[in-house]
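Written out below as structure tokens is the structure these notes cover.
The values are calculated or read from the model by the stated rules, or taken from the named source; none is laboratory data. Quantities reported herein were computed from a predicted structural model and do not represent experimental measurements. Cβ placement follows ideal geometry from the backbone for every residue including glycine, while neighbour counts extend to all protein chains displayed.
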Amino acid sequence: MPDTDKTIKIDGKHHPVAEYGECIMCGSLLAPVAGNSGLLRCPVCSCTRKASLEIAPGNVIGGRYRILNRLGSGGSGELFFCYPLEEPAQRYVLKILKSPTPSHRKRFKREAEILAAVKGEQRIARILDFGEEGEAVYIVMEYISGKNLKQLREEYYMDEETVLQISLEVVRALWYLWENYSVIHRDIKPDNIMLDEQSQVKLVDFGISKRQFASQDTTITVAMSGLGTPGYLSPEQFVDSRNVDFRTDIFSLGATVCYLLSGKTPFAGKDTAEIYDNTVKNSPPRNFEFDTECSPGLRQLLCRMMQRLPEERIGSYRELAEEMEKLLHDLKD
């Protein structure tokens, strides 16, 4: 029987060696190679093989994080609860992409790099670790105890003041990303905006985000690759998601506001082609019906946010934030 209490020190940390199975040559317990947890080596005969990654509760990834229960699927990976072996009481979210294609791996790494670079913005979910194991790549992120806006809208009606307060926080997060890192989210929608238990807005899922002017070696369109979410996408993002700027996120936030006030997207359709057609023809959406009261001022702002041509939209996050602040002030008077 394997000695489940035995541990091995790897990169300064102790790991239970019985977790990694036995050598097929001599039956000794395998252990991760120091500095490369994607490889396992027998300490007796030096037989080496790739770590077979089984995503299941109780297993360890990266030699450090024990997987707990599955949380669901994100835009670019499967989500699990996990905890670091050295802190069993701590809870993180493990986002893992198993057997990814080269393009998926590239996007996943880009998400990790973007989030790792962002410092000091509490409205953006923090990344804690990133790594590769076998054929899988993974990100470890802070756990946000709360619900996304789609879940909240399905449970409650939201009045204009609440929607504006949430939207203003999203604008501030996007403004911070754009001004400091030239980052475009490219998938702003209710599912990717969370409220934690303290009602703090958290922007999540940067799987298709990009830095403006970053080099791209392939042409990828939304219709072919699934970049973004039809119903919230700007018209230009349907055509060429590479060559967009921050104004695509402004458009998507406008569509999100419409959803929060109505429970439906402003551009319905039976498939992507029909939604694209409706987006082009109905931007900005006119005579859109809301479940709750929407002031003329907010309707006018949504019209400016969701103009079909980017150059005709509201021109900066500063201006957008000021307009929302003014609307909130008027509502409270």
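Among the numbered conditions (1) surrounded by fewer than 18 Cβ atoms within 10 Å (Cβ to Cβ); (2) within 26 Å of Thr101 (Cα to Cα), the only one that Ile127 does not meet is (1). When segment 151-193 is filtered for residues that are in a loop (DSSP other than H, G, I, E, B) and acidic (Asp, Glu), the ones remaining, listed by number, are Asp159, Asp187. Of all the listed residues (Leu94, Leu115, Leu174), the sole one being aliphatic (A, V, I, L, M), surrounded by 16 or more Cβ atoms within 10 Å (Cβ to Cβ), closer than 30 Å to Tyr317 by Cβ and not assigned by TED's automatic domain parsing to the domain that holds Ile208 is Leu115. Any residue that is in a loop (DSSP other than H, G, I, E, B) and assigned by TED's automatic domain parsing to the domain that holds Leu152 - is there at least one of those in segment 251-262? The answer is no, given that none of the residues of segment 251-262 is in a loop (DSSP other than H, G, I, E, B) and assigned by TED's automatic domain parsing to the domain that holds Leu152. Within segment 257-281, if we keep just the residues that are touching a residue at least 60 places away in the same chain (Cβ under 8 Å) and touching a Ser or Thr at 6+ places or on another chain (Cβ under 7 Å), the residue that is surrounded by the fewest Cβ atoms within 10 Å (Cβ to Cβ) turns out to be Tyr259. Identification of strands (runs of 3 or more DSSP E) wholly contained in segment 23-140 with 3 or more residues that are modelled with pLDDT of 90 or more yields 65-74, 77-84, 92-97. Taking the numbered list (1) crowded, with 21+ Cβ neighbours inside 10 Å; (2) acidic (Asp, Glu); (3) over 24 Å from Glu319 (Cβ atoms) in turn, Asp191 passes all entries but (1). Against the conditions (1) surrounded by 19 or more Cβ atoms within 10 Å (Cβ to Cβ); (2) touching a strand residue (DSSP E or B) at 6+ places or on another chain (Cβ under 9 Å); (3) in a loop (DSSP other than H, G, I, E, B), Arg242 satisfies every one except (1).
Listed here are the residues, each with its yes/no results for (1) of a type in the set (A, V, I, L, M, F, W, C); (2) in contact with a Ser or Thr (Cβ under 7 Å, 6 or more places away or on another chain); (3) in contact (Cβ under 8 Å) with a residue 24 or more places away in the chain.
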position: Glu113; (1), (2), (3): no, no, no
position: Lys119; (1), (2), (3): no, no, no
position: Gln122; (1), (2), (3): no, no, yes
position: Asp129; (1), (2), (3): no, no, yes
position: Glu133; (1), (2), (3): no, yes, yes
position: Asn148; (1), (2), (3): no, no, yes
position: Arg153; (1), (2), (3): no, no, yes
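Only residues that are within 19 Å of the chain's Cα centre (by Cα) and touching a residue at least 60 places away in the same chain (Cβ under 8 Å) were counted across segment 230-246, and they come to 4.
Could you please find all residues in segment 188-231 being at pLDDT below 95, under 14 Å from Val170 (Cβ atoms) and in contact with a Phe, Trp or Tyr (Cβ under 8 Å, 6 or more places away or on another chain)? Once the filter is applied, which keeps residues that are at pLDDT below 95, under 14 Å from Val170 (Cβ atoms) and in contact with a Phe, Trp or Tyr (Cβ under 8 Å, 6 or more places away or on another chain), segment 188-231 yields nothing.
Restricting attention to segment 137-165 and to residues that are among the hydrophobic types (A, V, I, L, M, F, W, C) and touching a strand residue (DSSP E or B) at 6+ places or on another chain (Cβ under 6 Å), the residue that is surrounded by the most Cβ atoms within 10 Å (Cβ to Cβ) turns out to be Ile139.
Applying the criterion of being touching a residue at least 60 places away in the same chain (Cβ under 8 Å) and part of a helix (DSSP H, G or I) to the residues of segment 293-310, the residue that is surrounded by the fewest Cβ atoms within 10 Å (Cβ to Cβ) is Pro310.
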